[in-house]
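Taking it in order: structure first as structure tokens, then the write-up.
Rule-based calculations on the coordinates, nothing more; no lab input. Everything numeric here is computed off the predicted structure, so don't read it as measured data. Cβ coordinates were reconstructed from backbone atoms using ideal geometry, including for glycine residues, and neighbour counts include every protein chain displayed.
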Amino acid sequence: MPLLLKGGRVVDPQVGLDGTADVLVAGDRIEAVGVDLELPKDTEVIECAEKVVMPGLVDVHAHLREPGREDEETIASGTRAAAHGGFTAVCAMPNTSPVCDTGSAVRFVIERAEETGAVRVHPVGALTQGQRGEALSEIGDMVAEGAVAFSDDGRDVQDAGMMRRVMEYAKAFGATVIAHCEDEPLVGPGVVNEGAISTRLGLPGWPAAAEETMVARNIRIAELTGCRLHLAHLSTAGSVELVRRAKERGIVVTAEVTPHHLFLDEGALVSYDTNLKMNPPLRTVEDRKALVDGLLEGIIDCIATDHAPHAPHEKELEFEVAPFGTTGLETAVSLVVTHLVAEGMMEWKHVARVMAVAPRRCLNLPEVRLEQGHVADITVVDPEARVEITPEWFYSNSRNCAFVGSKLLGKASEVVVAGRCVVRNGRVIV
Ligand SMILES: [Zn+2]
């Protein structure tokens, strides 16, 4: 049935749109964008007055845990969490069990997503076999099966010579390498940012230098090899500065930041809440501000959630042994509206840029535009919706969210994927 998103504020910086208009969807395509559109018979009308209509948001960094840890998340539950959060597509990280390091493993993710997914899933393949950093994985086979980028996320390739070979190999296939920048010997047993807070809490420190040395190394190897490099979840002011200088020198490097690093700092850790234990860790107030500034200035290209579901019996362990990570798909949009848009720091066209346009450019994903003939992947946000993040809020199989208890502003009210409405009035309907 044709669908009309009526009277919303339609925002797409790619086509210079920011004003009240209707969007007509027929089949899997956008039929027209404008006013007083002629409607086909039986068009379903969704009122979007006071709402913002954007190109479908994409999260380039999510852990969907299937295969291997279906108790924590599945492609079915993770894509429903993504839809609930306003995303029309997610990139699935390869640190599953087994690791996604072959063509057949990539095909499994794509087929499961077609069978059970609520939104699009783009698989990311592993750089090295088993993510052990010792031998190249089958990048060519994975590209052929549909992997969109390559990463050993969860770890960094520790050996610089291996990282060089990996980037040379990835470049031959035109693939982007996503680097999780962490020098493991420098981190050691570290679990929180190294500094006054780690001392006060009596927890081992994870120094900023352990990220920054690898950001610098990976940028330098990207320059050497000409490989496209995307830096995952930057967490320090020093990393932002390194990316700024690399971009000034014309190196092809892009970067993402997570909502938790943008909106939380290490001060929150006095609670010893293991949902605040992430890799990289929450940093200082100054780091947090540098990340926000870096995003606003475009040094950091996009927001990605690093959605990392974990089972309760694992997160309920003591801080030092609990796993790293917070879920993020279902809270990202509300956090951005609350802390950036409502505060007057970010305009809607900028939100569309950092959550829909730039992340696709970072990984060379197909463009999504609010323009006639383009595929109808659309996110509608109600900026005035008031949401309270309770344990019942989530469609994810996991509840380990750093923002449980928060009262936020703004919520995805409708989500359209390939012309099909998967979220209506804020609820997932598929
Ligand atoms: Zn990571």
Task: Overall dimensions of the stretch 164-303 as given by Cα atoms, namely Rg and Dmax in Å - done: 15.3, 48
Task: Packing-based exposure ordering (other Cβ within 10 Å, fewest first) of 169, 272 - done: 272, 169
Open item on the list: From the phi angles alone, apply the Karplus equation (6.51, -1.76, 1.60; θ = phi - 60°) to the stretch 144-159 and give each ³J(HN,Hα) in whole Hz, x where the residue is Gly or Pro.
Closed with: 4, 8, x, 5, 9, 6, 9, 7, 9, 2, x, 9, 10, 6, 6, 7
Task: Amide H contacts under 5 Å for residue 20, placed H, 5+ residues apart - done: 10
Task: Ranked 30, 389, criterion: other C-beta atoms within 10 Å, fewest first - done: 389, 30
Task: Cut-off under 5 Å, modelled amide H: who pairs with residue 401 long-range - done: 327
Task: Rounded to 10°, Cα long-axis angle of helix 160-172 versus longest principal axis of the chain - done: 30 degrees
Task: 16 Å Cα-Cα reach of residue 41 towards aspartates and glutamates, excluding residues that sit fewer than 8 places from it in its own chain - done: 31
Open item on the list: Need one number for the stretch 76-154: average projected area of the convex hull over its C-alpha atoms, nm².
Closed with: 4.8 nm²
Task: Distance histogram for the stretch 1-70 (every C-alpha pair counted, 5 angstrom bins, percent rounded to whole numbers) - done: 4, 15, 21, 20, 12, 7, 8, 7, 4, 1, 0
Open item on the list: As a footprinting exposure proxy, order 163, 54, 346 by other Cβ within 10 Å, with the fewest listed first.
Closed with: 346, 163, 54
Task: Under DSSP loop assignment and at most 12 Cβ neighbours within 10 Å, longest trypsin sites (Lys or Arg not before Pro)-free interval of the chain - done: 42-248
Open item on the list: Please list, in order, the residues from the stretch 39-78 whose amide nitrogen is less than 18 Å from a point placed 7 Å along the Cα→Cβ vector of residue 427.
Closed with: 46-47
TODO: Take the Cβ-Cβ distance between residue 372 and residue 199 as r, set R0 to 41 Å, and report the resulting FRET efficiency rounded to the nearest 0.05.
DONE: 0.10
Task: Where labels lie 7 Å past Cα in the beta-carbon direction, separation of residue 29 and residue 392 in nm - done: 4.4 nm
- [ ] Calculate how many DSSP beta bridges within the chain are antiparallel, expressed in % of all such bridges and rounded to the nearest 5.
- [x] 50 percent
- [ ] Please work out the Kirkwood hydrodynamic radius for the stretch 102-215, using every pair of different C-alpha atoms, and report it in angstroms with one decimal place.
- [x] 15.6 Å
TODO: Report the relative contact order of the chain, percent, no decimals, based on alpha-carbon pairs under 8 angstrom and at least 6 residues apart.
DONE: 20 percent
Task: Estimated translational D of the stretch 20-156 in µm²/s (Stokes, Kirkwood radius over Cα pairs; 10 °C; 1.306 mPa s) - done: 95 µm²/s
Open item on the list: Under 5 Å between amide hydrogens, which residues at least 5 positions from residue 122 or on another chain qualify, with H placed 1.01 Å from N in the peptide plane?
Closed with: 90, 91, 92
Open item on the list: Translational diffusion coefficient of the stretch 244-361 at 10 °C, 1.306 mPa s, Stokes-Einstein with Kirkwood Rh over Cα pairs, in µm²/s as a whole number.
Closed with: 104 µm²/s
Task: For the stretch 299-430, the Rg and Dmax computed from alpha carbons only, in angstrom - done: 16.2, 54
- [ ] Could you tell me how many degrees, from 0 to 90 and to the nearest 10, lie between the Cα long axis of helix 208-225 and the main elongation axis, the longest principal axis, of the Cα atoms of the chain?
- [x] 70 degrees
Task: Cα point-scatterer Debye curve for the stretch 259-323, base-10 log of I(q)/I(0) at q = 0.17, 0.19, 0.26, 0.29 Å⁻¹ - done: -0.65, -0.77, -1.14, -1.28
TODO: Based on alpha-carbon positions alone, could you give the equivalent ellipsoid semi-axes of the chain from the gyration tensor, as √(5λ), descending, whole Å?
DONE: 33, 24, 21
Open item on the list: Taking a virtual spin label 7 Å from the Cα of residue 271 along the C-beta vector, which residues in the stretch 294-320 bring their backbone nitrogen under 16 Å of it?
Closed with: 315-317, 319
Task: Of 157, 252, 177, the one that fluctuates the most in a GNM where the chain has Cα springs shorter than 10 Å - done: 252
Task: Choice from 379, 128, 20 showing the highest fluctuation, given a GNM over the chain with Cα pairs closer than 10 Å - done: 20
TODO: With θ set to phi - 60°, apply the Karplus curve 6.51 cos²θ - 1.76 cosθ + 1.60 along the stretch 18-33 and write out the HN-Hα couplings as whole Hz, x wherever there is a Gly or Pro.
DONE: 6, x, 6, 7, 9, 10, 9, 10, 9, x, 9, 10, 7, 7, 6, 10
